[in-house]
Structures are given as C-alpha cells and as structure tokens.
1. Using the Kirkwood formula on the Cα atoms of the chain, what hydrodynamic radius do you get, in angstrom to one decimal?
2. Could you name the lysines whose alpha carbon sits less than 24 Å from that of residue 104, not counting residues in the same chain fewer than 8 places away?
3. Using a/c under 1.5 as the rounded threshold, could you call the stretch 40-111 rounded, prolate or oblate? The axes a ≥ b ≥ c are square roots of the C-alpha gyration tensor eigenvalues, and prolate needs a/b larger than b/c, oblate otherwise.
4. Tell me, what is the 1.4 Å probe accessible area of residue 57, in Å² to the nearest 10?
5. Give a residue-ordered list of calculated ³J(HN,Hα) values for the stretch 74-89 (Karplus: 6.51 cos²θ - 1.76 cosθ + 1.60, θ = phi - 60°; whole Hz; x for Gly, Pro).
6. Expected output is a single nm value to one decimal: the length gained when fully extending between residue 38 and residue 74, i.e. 0.36 nm times separation in residues minus the C-alpha distance. What is it?
7. Would you compute, from DSSP H runs of 4+ residues alone, the mean residue ellipticity of the chain at 222 nm, taking -39500 (n - 2.57) per run and dividing by the full residue count, rounded to the nearest 500?
8. If I build a Gaussian network model for the chain, linking alpha-carbon pairs within less than 10 angstrom, which residue out of 98, 63, 173 has the largest mean-square fluctuation?
Amino acid sequence: MSRLSRKYSETGVYHILFRGVNQQNIFEEKQDYIKLQEIILDVKEEMDFKIYAYCFMTNHVHLVIHEKNLKDVSLIMKRILTKYARWYNIKYRRSGALIANRYKSVPVEFDEYFLHLVRYVHQNPLKAGIVHDLGKYPYSSYVEYISESDICDTEFVLEMLKVNEFVEFHNELEELKFVVSDRTKKTDEAMIYVIRKR
C-alpha cells in the first residue's frame, strides 16, 4: 500500500511526532536527551528554522516547528532523525531502524488553537504521571519559557502571553487531543474546535 503524500503547511508550522520502532525507548539515559538537543541545535543552524515547543518522552518526541522555506520540514526531519539514529546505534551497539516508519506531521495555523497545542505538548509528562509540576521536567521547552531558552524560540508565544500568563495557562489541563497521523481527514476534536470557533 502506498503512503499518503505529506500535507504541507501554508504557515510553515507543523506539529511533529516520532516514536521508537515497536514503541521501544529512544532515550535510555540523560546523555541521550542532551544529544538530541545538540543535534536539533546543529540542524537549526544549518536549516534556519524555529522551534516553538518540544517534549522528549522516553519512547517518543513532540516538536512544534516553523520552517523558513516551504517543504523544508522533510529535510529538517531527515537530518535530525538520521543523525540521532546513527549516534544511538553506535552508542548502544545496535543496528536497524530506531524510529518507527516515518515521522508524522500535522500543519498548524496561527490562532488560539496554536497555544492549546503548545500546552498539549508541554503537558505530556504531566498526563503520563511522570511529574506533578511541569517545571520539574527537564526535557521539554516549558522550562525554557519560564527561565532561559536554549533550543526553543520563545519570543513568538511570549508576545501573546506574558510569562506569568503562560504559567497560569499551563496550570489548566489541556482537554483537546492533538492526534498526529498521516490521515488527511481532521480528527473529531479538530472539527469540534472549528465548529465552535465559527
């Protein structure tokens, strides 16, 4: 069965998800998380894109990125995933695929839905029961918004919400579910949001 062609964003913003093959871990220790951050920083310098949110979980990663040029997202993700998988396989003396299939992406528009997406990404460790305080999870961009940014481009979101408003907004549990798949149809939650907005 052939793959569906990837839907590209008119705004250049995407919610991206990739996970370990067979749901296996793609991070085993702190150094692995740090290495992926380093790789993303290197690719950001090469490709000149922005990251509005990220969260590294044990077996999957969420990114909200803004490409500079149309369709750059494919090359950005290819470089990030290839470099990380190569490094990981050498480190752990393994071979074969690390990431399941291809990464999944959903185009994102700049509206209030965008802020809910950022909150959804940041609340992954909270919903998984890993932490009770988002500020205590070191592998998401939430901490970059409340202290010092490293790989995240925080200015865009902080133009919409001041830091204290950002924290307050994140204290509310995100109810929208942002399903990332290769389907061309919108999820029920996305359709409900569109209907309510209209």
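1. Values: mean 1/r = 0.0573 Å⁻¹.
Over the chain, the inverse of the mean reciprocal pair distance is 17.5 Å.
2. 7, 35, 44, 50, 68, 71, 78, 83, 127, 177, 185, 186
3. Numbers: a/c = 2.09, a/b = 1.69, b/c = 1.24.
Note, shape of the stretch 40-111 comes out prolate.
4. 10 Å²
5. Whole-Hz 3J(HN,Hα) from phi for the stretch 74-89: 4, 6, 4, 5, 4, 5, 4, 5, 5, 5, 5, 4, 4, 4, 4, 5.
6. Details: separation 36, 0.36 × 36 = 12.96 nm, distance 1.91 nm.
So the extension gain works out to 11.0 nm.
7. Taking each H run of at least 4 residues, the total per residue is -12500 deg cm²/dmol.
8. 173
The values are calculated or read from the model by the stated rules, or taken from the named source; none is laboratory data. Treat the numbers as computed from the prediction; the structure is a model and nothing was measured. Surface areas here come from the heavy atoms of the whole protein model, side chains and all, with no ligands, DNA or RNA. Shrake-Rupley method; radii C 1.70, N 1.55, O 1.52, S 1.80 Å.
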